[in-house]
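A quick write-up on the structure given underneath.
The values are calculated or read from the model by the stated rules, or taken from the named source; none is laboratory data. Predicted model only: the values in this text are computed from it and were never measured. Cβ placement follows ideal geometry from the backbone for every residue including glycine, while neighbour counts extend to all protein chains displayed. Accessible surface is based on the protein model in full, side chains and every heavy atom, while ligands, DNA and RNA are left aside. Shrake-Rupley method; radii C 1.70, N 1.55, O 1.52, S 1.80 Å.
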Amino acid sequence: MDHNIAKLRQDYNLRGLDEQDLAPNPFTQFKLWFDDVLSAEIIEPNAMLLSTVLNGRPSARVVLLKDLDQTGFTFFTNYESKKAREMESDPFVAITFFWKELERQVRIEGKIEKTTAQESSEYFAVRPRASQIGAWASAQSQHLENRAELEERTRLLEEKFEGAEVPRPLHWGGYRVIPNYFEFWQGRRSRLHDRLVYEKTDEGSWQIERLYP
């Protein structure tokens, strides 16, 4: 055992989380916590871990939340990427937010769906031009011989679109996670954390319960 790693620990003591503090709707509760994150000026507050499964084998990576409403959580990516292939095979995913500065975590489980082409194009239009070019240049998740090859592809695309708007590639767009489960986690002393869960019932309402830490 690496005792230097084993001794690493952080005791959480900022605040607790009680049932009476929760909004009846988990989207409302998430927005309240996300507003706290924005006020705290945390770097990349919208970073979330996206977990997918293919043939029983899990895979995870960090993506960026780009929209949120009462339907779900939206992010954008290459439709030919590894995660896209996994979601095509199995549409059930999980996303996790961890804001260590506030000692909070939110776990969300649900089903994925693609955004409309219009939604994808509207978001693509407001991306920085360099990011728009990058969406064309990157054959995401495919083998790349070396960095120079990517830089040359980028240079050629910059020349191709010089003086013109960069259109959205058809292989690039959005996904929306439609949740049926939320867990709000607040760190507490001695690992006795608060874990409060919203689970969607067959009738479409949200049932709240507390879990052991």
- Task: Pop out the ³J(HN,Hα) list for the stretch 63-80 in order, Karplus 6.51 cos²θ - 1.76 cosθ + 1.60 with θ = phi - 60°, rounded to Hz; leave Gly and Pro as x.
- Result: 10, 10, 5, 10, 7, 8, 9, 6, 8, x, 10, 10, 9, 10, 6, 7, 6, 10
- Task: Round to the nearest 10 and report in Å² the accessible area of R85, as given by a 1.4 Å probe over the protein chains' heavy atoms.
- Result: 110 Å²
- Query: the stretch 106-213: which chymotrypsin sites (Phe, Trp or Tyr not before Pro) are DSSP loop and have at most 16 other beta-carbon atoms within 10 angstrom?
  - Reply: F161
- Using only C-alpha atoms and all pairs of different ones, pull out the Kirkwood radius for the stretch 77-165 in Å with one decimal. 16.0 Å
- What size of dipole, in debye to the nearest 20, comes out for the chain about its Cα centre when the only charges are +1 on Lys and Arg C-beta atoms and -1 on Asp and Glu C-beta atoms? 560 debye
- Å² per residue, accessible surface of the stretch 1-131 at 1.4 Å: 60 Å²
- Task: With a 1.4 Å probe and all protein chains in place, put T154, T74 in order of accessible area, largest first.
- Result: T154, T74
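By accessible area of protein heavy atoms, probe 1.4 Å, what ranking do V53, V62, V166 get, highest first?
Numbers: V53 50, V62 100, V166 15 Å².
Most to least solvent-accessible, the answer reads V62, V53, V166.
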- Under a point-charge model restricted to the Cβ atoms of Lys and Arg (+1) and Asp and Glu (-1), what is the dipole moment magnitude of the stretch 58-148 relative to its Cα centre, in debye to the nearest 20? 300 debye
- Quantify, in whole percent, the carbon and sulfur part of the accessible surface of the stretch 1-55 (1.4 Å probe; protein heavy atoms only). 52 percent
- Accessible area, probe 1.4 Å, largest first, for residues L38, L17, L54: L38, L54, L17
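Return the loop-located GluC sites (Glu not before Pro) in the stretch 122-205 (DSSP other than H, G, I, E, B) with at most 14 other Cβ atoms within 10 Å of their own Cβ; answer none if there are none.
E145, E162, E165, E203
So what is the relative contact order of the stretch 88-213, in percent, for Cα pairs below 8 Å that sit 6 or more residues apart?
27 percent
Beyond 24 Å, what share of the Cα-Cα pairs of the chain remains, rounded to the nearest whole percent?
53 percent
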- For S205 the rounded accessible area (nearest 10 Å², probe 1.4 Å, non-protein molecules ignored) is 60 Å²
- Item | Leading residue at positive end of dipole, the stretch 90-213 (Cβ point charges), from F92, G173, S131 | F92
- Length released on extending from K31 to S59, taking residue separation times 0.36 nm less the Cα-Cα span: 7.4 nm
- Query: When the accessible area of the stretch 68-213 is split by element with a 1.4 Å probe, what percent falls to carbon and sulfur?
  - Reply: 49 percent
